[in-house]
Every structure is written in structure tokens, then in C-alpha cells.
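What follows is one structure encoded as C-alpha cells, with my remarks underneath.
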Amino acid sequence: MRDKSEVIAALTDPGIIAVVRAQSRGQVLPLSEALLAGGVRVIEITTSTPEAIEAIREVSKALGERAVIGVGTVLDVETCHAACEAGAEFIVSPVTKPELVTAAHEHDRPAMLGAYTPTEAHAAHEAGSDFVKLFPANGLGPRFIKNLLAPLPHLRLVPTGGITVENAAEFLNAGCAALGIGSALVSQAILANADWHELTRRAEQFVAAAKAARL
């Protein structure tokens, strides 16, 4: 199992985090394999996925060191502990809940609290959050992030919502540490049709965009 610093490094290189809201537990392993085939190795399985904790346990065991599996949409400490014990290597919440940082760090796992405003983002950082999830980022955009980081350059921001292949580079160039990609990558149509080939193709596109931006 990687330590916290190794997971943090993986989250930011190249900086694409697949946010997975699967329709069933059985989809998680094949879709994770499809993402890996496309170069996306950081996979956040949200608690809205049926039997999410067991899905995390299965995919963590099956993919081992090849993938970095985390848990998303964490709202309480109990879920945080259960996910970490199942193999989750990072914890993501859409809200600023400091006790989740404490729980994640007890397992030597990085935490990513959610925020929307500068005050919330800084509060998440002061609570010890290793990253700050800007959510929903649809209405914010790269310019907002650049303006936010001007007075608060210490924040490691991960916008989620509204990130596409076309604008991914803009967000990274604005100073984001990584990007959370949901339906633009793992769409409901892909899940409904088990179109893992298309998922791999999209993953390749996002990874290429991120690597180009990093250069």
C-alpha cells in the first residue's frame, strides 16, 4: 500500500481523476480496467455507486499497484473509515467537513474536502485538507481559479464538474493540481452500454490533454 505522499504524487501526475458513479457494483472492475488501458490510473468511486465499499474492496484487490482507488461523496466519518479499511487510498467529500480530514489521516490517506467560495477553500486548507475540491466548478471556470490562487497560492485545487477534453488544459494552466472528471469521461451512456472501448478512448484523450498542459 502506498503512503500518503505517494498517493498525492499519483493524484497530480498527470492530474486526471476519474469520478465514477457506476450503475452497479459489477461495473466497477471492468470500467476501471478500461480507464487503466487509456492511461487513467486514479479512480474515485463515489458512495452513490451501489455497494460502493465492496466495489472498492474488489477493485483494490484486483488491480493492486496498477490503480489508485479512492472514495468520493464521503459525508461522514464512518464511511471514511470503512472505505479506507476496504482499500481506498484517498478520500473526497463535496463539503467542508474537517472531521473527515482527521479520519483520513488516521489511515495515512490524503483528504480532499469540497468548497465553492474562497472562504470555504481556505477553511478546508486550514482544516488540513491535502487538496480542495472546487465543486460544482461548472460556473467558475479557469479565470476564477487563477484569481483565487493569486492571493491563496498555497491551495491545491481540484475542480470537478464541467471539465471537458477541450478545456482541461485551460484549467491545469490556471494552476489546478488535478481535475475531477465525471460524466465527460464515465458517461451514463457508456455505463448503460458497457462500452469500455469508448471509455478507454476518452481516457486517452484526457490524459493526452493533461500531459500537453503539463509540458
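The values are calculated or read from the model by the stated rules, or taken from the named source; none is laboratory data. These numbers were taken from a predicted model, which means no experiment stands behind them. Quick reminder, even Gly has a Cβ in these numbers, built from the backbone with ideal geometry, and neighbours come from all protein chains shown.
A few comments on the model shown:
- Residue check, Arg214 within 21 Å of Val42 (Cβ to Cβ) and at pLDDT below 95: yes
- Within the set Ser129, Ser183, the sole residue that is surrounded by fewer than 17 Cβ atoms within 10 Å (Cβ to Cβ), modelled with pLDDT of 95 or more, hydroxyl-bearing (Ser, Thr, Tyr) and outside any helix (DSSP H, G or I) turns out to be Ser183.
- Search result, residues across segment 164-202 that are among the aliphatic types (A, V, I, L, M) and either closer than 20 Å to Pro50 by Cβ or within 13 Å of the chain's Cα centre (by Cα) (or both): Ala177, Ala178, Leu179, Ile181, Leu185, Val186, Ala189, Ile190, Leu191, Ala192, Ala194, Leu199
- Segment 55-99: number of residues that are at pLDDT below 95 and either within 15 Å of the chain's Cα centre (by Cα) or aromatic (Phe, Trp, Tyr) (or both): 0
- Considering segment 37-54, and only residues there that are touching a Leu at 6+ places or on another chain (Cβ under 8 Å) and more than 14 Å from Leu11 (Cα to Cα), the residue that is surrounded by the fewest Cβ atoms within 10 Å (Cβ to Cβ) turns out to be Thr47.
- Long-range neighbours under 7 Å by Cβ, at least six apart or interchain, first residue within 20 Å of Ala178 (Cα to Cα) within segment 86-103, second part of a loop (DSSP other than H, G, I, E, B) and at pLDDT below 95: Glu89/Arg2; Pro94/Phe135
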